[in-house]
Amino acid sequence: MLIASRTREYGFGGITARSESWDWDAVRAFEPTVILDFAFLTRDLVDAMPLDEYVSQNQQLTKRMLAAASLASVSRVLTISSGAAVFPHDALNDPLESNPYGWLKRRAEDALSDLSAERGIPAVAARAWSVSGAFVQKPSSYALSDMILQAAAGAIEISATRQVYRRYVAVEDLLAVSLASATDDGFTIIDSGGELIEMGDLASAVAQVVNPDATITRPPLSGDGPNDYYADPDGWDAACSRAGFEPADLSQQIELAARGLLPATR
């Protein structure tokens, strides 16, 4: 059963799926066994709407997730969280207004942890720091997908004037490892990991896969400290090892993402 903000059809590799808007009676009648929770207003909407509305809508989405996860039929739960919940430190250490998205995600983590303990079922919060994928709704808003589009057009332009470091995992891999980790009673946090890479090197890697003739330009570095946004990779590596899972490397991630972003490469 797919729940979304409205009824619509989705196409994935020749398979069509239909989503329905939230209906508590229909959810209960369906008797779900596994809850996969992706419903949340993203960080870019914080400045696009009144704060109280942003907060209330996200709190309502979290309540729905918890209500569904409380059903007797449910045996495990996975919710998607974010590095913003704990970066640059635990978001709950500051007022909500300083980091609304991270603060609300962090509260959702705690709420799911409490429910997991109460019901005695496994639950996982997968913190997506930087992920890749073929189905990005706003590709120009994210460095990797934007570089893929730019490379296909023949020129990658990096705007950052200081070093920017990230670690990428394929979103499918994050979900697979997180679900595999939901095997014992209790609450688990899985932070995404991946190879550490600076944006200049990422641009070169993208060009190599998508269009080796693409040019890469960047303004001179300012000398400011680096922009670091990533988790310690040890947790991710350990989770992959426990699951016996080999995640896609960066080149494979770029190739997979390009297939979805660039119709000609599918």
Margin query: Testing Thr161 on (1) surrounded by 19 or more Cβ atoms within 10 Å (Cβ to Cβ); (2) assigned to a loop (DSSP other than H, G, I, E, B); (3) in contact with a Ser or Thr (Cβ under 7 Å, 6 or more places away or on another chain), one condition comes back false. Which one is that?
Written below: (1)
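Name the residue that is surrounded by the most Cβ atoms within 10 Å (Cβ to Cβ), counting only residues in the range 70-80 that are over 23 Å from Tyr168 (Cβ atoms) and touching a residue at least 60 places away in the same chain (Cβ under 8 Å). Give the derivation first.
We begin by selecting, within the range 70-80, every residue over 23 Å from Tyr168 (Cβ atoms); these are 70-77.
Filter once more, so that each one left must be touching a residue at least 60 places away in the same chain (Cβ under 8 Å): 76-77.
On the way: Arg76: 20, Val77: 26.
Top of the filtered list is Val77.
Taking into account only those residues within the range 209-247 that are under 25 Å from the mean Cα position of the chain (by Cα) and of a type in the set (S, T, N, Q), which is nearest to Asp146 (Cα to Cα)?
At the first step, the residues of the range 209-247 found to be under 25 Å from the mean Cα position of the chain (by Cα) are 209-210, 226-247.
Of the ones still in play, those that are also of a type in the set (S, T, N, Q) are 227, 241.
Values: Asn227: 18, Ser241: 31 Å.
Going through the qualifying residues, I end up with Asn227.
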Next item on the list: With the checklist (1) surrounded by 13 or more Cβ atoms within 10 Å (Cβ to Cβ); (2) touching a Ser or Thr at 6+ places or on another chain (Cβ under 8 Å); (3) part of a helix (DSSP H, G or I) in hand, flag the one item Gly235 doesn't pass.
Entry: (2)
Checklist line | Of all residues in the range 175-208 being touching a Ser or Thr at 6+ places or on another chain (Cβ under 8 Å), among the hydrophobic types (A, V, I, L, M, F, W, C) and not in a helix (DSSP H, G or I), the one that is farthest from Asp110 (Cα to Cα) | finding: Ala182
Next item on the list: Of the conditions (1) within 16 Å of Val34 (Cβ to Cβ); (2) buried (at least 21 other Cβ atoms within 10 Å of the Cβ), Ala180 clears all except one; give me its number.
Entry: (2)
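Matching residues to (1) without any contact (Cβ under 8 Å) to a residue 40 or more places away in the chain; (2) small (Gly, Ala, Ser); (3) surrounded by fewer than 16 Cβ atoms within 10 Å (Cβ to Cβ):
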| site | (1), (2), (3) |
| --- | --- |
| Phe30 | yes, no, yes |
| Thr42 | no, no, yes |
| Ala48 | yes, yes, yes |
| Ser56 | yes, yes, yes |
| Gln59 | no, no, yes |
| Thr62 | no, no, no |
| Ala68 | no, yes, no |
| Glu97 | no, no, yes |
Next item on the list: Would you point out which residue out of Gly11, Gly102, Gly83 is over 23 Å from Pro122 (Cβ atoms), surrounded by 12 or more Cβ atoms within 10 Å (Cβ to Cβ) and in contact with a strand residue (DSSP E or B) (Cβ under 9 Å, 6 or more places away or on another chain)?
Entry: Gly102
Next item on the list: Could you tell me whether any residue of the range 108-124 is assigned to a loop (DSSP other than H, G, I, E, B) and either modelled with pLDDT of 95 or more or out of contact with any Leu (no Cβ under 6 Å at 6 or more places or on another chain) (or both)?
Entry: yes
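Taking the options Asp114, Asp185, Asp146, name whichever one is in contact with a helix residue (DSSP H, G or I) (Cβ under 6 Å, 6 or more places away or on another chain) and either more than 21 Å from Asp237 (Cβ to Cβ) or surrounded by fewer than 16 Cβ atoms within 10 Å (Cβ to Cβ) (or both).
Residue meeting the stated conditions: Asp146.
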Next item on the list: Spot the failing condition for Gln137; the list is (1) surrounded by fewer than 22 Cβ atoms within 10 Å (Cβ to Cβ); (2) among the polar types (S, T, N, Q); (3) at pLDDT 95 or above, and only one is missed.
Entry: (3)
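The values are calculated or read from the model by the stated rules, or taken from the named source; none is laboratory data. Since we're looking at a predicted model, the values are computed, not measured. We place every Cβ from the backbone using ideal geometry, glycine too, and count neighbours over all the protein chains shown.
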